[in-house]
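A quick write-up on the structure given underneath.
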Amino acid sequence: MVKTLTARRFAGALGLLSAAFLSGCQMTVLDPKGQIGADEKQLIITATVLMLLVVVPVIFLTLYFAWRYRETNTQATYAPNWHHSTKIEVVIWAVPVLIIVALATITWRTSHSLDPNERIAAAPGVKPIEVEVVALDWKWLFIYPEQHIASVNEIAFPKDVPVHFKITSDSVMNAFFIPQLGSQVYAMAGMQQNLNLVANHEGVFDGMSANFSGAGFSDMKFKAHVTSREAFDQWVARVKASPRQLNFDEYKQLSRPSEKVAVAYYSTVEPVLYMAVLDKYMDKATGIRLADKLCLPGQQKVAKASE
């Protein structure tokens, strides 16, 4: 009786402790606000259910066999020489094979339909938004080439308008991720990754760095503002009213490592800045020489020595 009461108290305390830990979790991936995020949520649920078809029976049978064939159960059949059952073999092999075939088919299809490089069809008369993304230590730079503006740690785009992100890094490898919109994509120096997203709900969504990149990694976050077309135009006008201009000299200062960087707006941006960041890590003999304008003094010495 005492042991039973103690076990119940322990189970109750464990349940409360679990609830306390889980109450702080934000399952943003399972609360999508865009087409890609919704498709990925459905994929997660489908894959989980298929795998549970094996996991749940195995857990149940493990507990059942432990209880059924316990030492004190004299009614259980004792068969020490039993070694084979065709029916059991068929079940334990056929079910996993069918599940793997189903998962493989789903994976093949979604690998193409959810390809980050795949453009999202826009409604008639709607033009996608182009955004160039540069991962820095430890902040995000967003360049709008068509609007000729730039921002740090904040982006905005209209609801139901596809957004094409071009992503690179001017430092170590990082990862660009807006959980409620879907598709984490890595940012790597000297390489460009493409990401196409669309938001179907207005709101402010958290963006983050999803790959450890040093001391300021935990604060390398940004806000994605999804608005109406009119509100987006107002945001663009507000950015254009900023007195700051993102030329090469300003970028050199911005690219220096810094933590907990506040949101910043740039009313103009050097047109070739994004391409210069890409070129910065290319072979000088084959690449264009825009990168020389971005190199800090120490980097210029390395570049000259390598020529």
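Provide the per-residue ³J(HN,Hα) series for segment 236-243, in order, calculated from phi with Karplus coefficients 6.51, -1.76, 1.60 and θ = phi - 60°, each as a whole number of Hz, with x at glycine and proline positions.
Using θ = phi - 60°, the values come out as 4, 5, 5, 5, 5, 7, 5, x Hz.
Net charge near V134, counting Lys/Arg +1 and Asp/Glu -1 over other residues with Cβ under 10 Å of its Cβ?
0
Ordered by residue, what ³J(HN,Hα) values in Hz, to whole numbers, does segment 253-264 give under the Karplus form 6.51 cos²θ - 1.76 cosθ + 1.60, where θ = phi - 60° and Gly and Pro are x?
These are the phi-based 3J(HN,Hα) values: 6, 5, 6, 5, x, 7, 10, 6, 6, 6, 4, 9 Hz.
List, in order, the whole-Hz ³J(HN,Hα) value for each residue of segment 122-139 obtained from phi through the Karplus relation with A = 6.51, B = -1.76, C = 1.60 and θ = phi - 60°; use x for Gly and Pro.
9, 5, x, x, 9, 9, x, 8, 9, 9, 9, 10, 10, 7, 10, 8, 10, 7
Under the rule of at least 5 residues apart or a separate chain, name every residue whose amide H is placed under 5 Å from the amide H of V269.
Correct list: L246.
Could you tell me the distance between the Cα centroids of segment 169-234 and segment 87-120, to the nearest Å?
Going from one Cα centre to the other spans 29 Å.
FYI, it's all coordinate maths here, none of it is from the lab. Quick caveat: nothing in here was measured; it's all calculated off a predicted structure. Don't worry about glycine lacking a Cβ; one is built from the backbone with ideal geometry, like all the others, and counts go over all protein chains shown.
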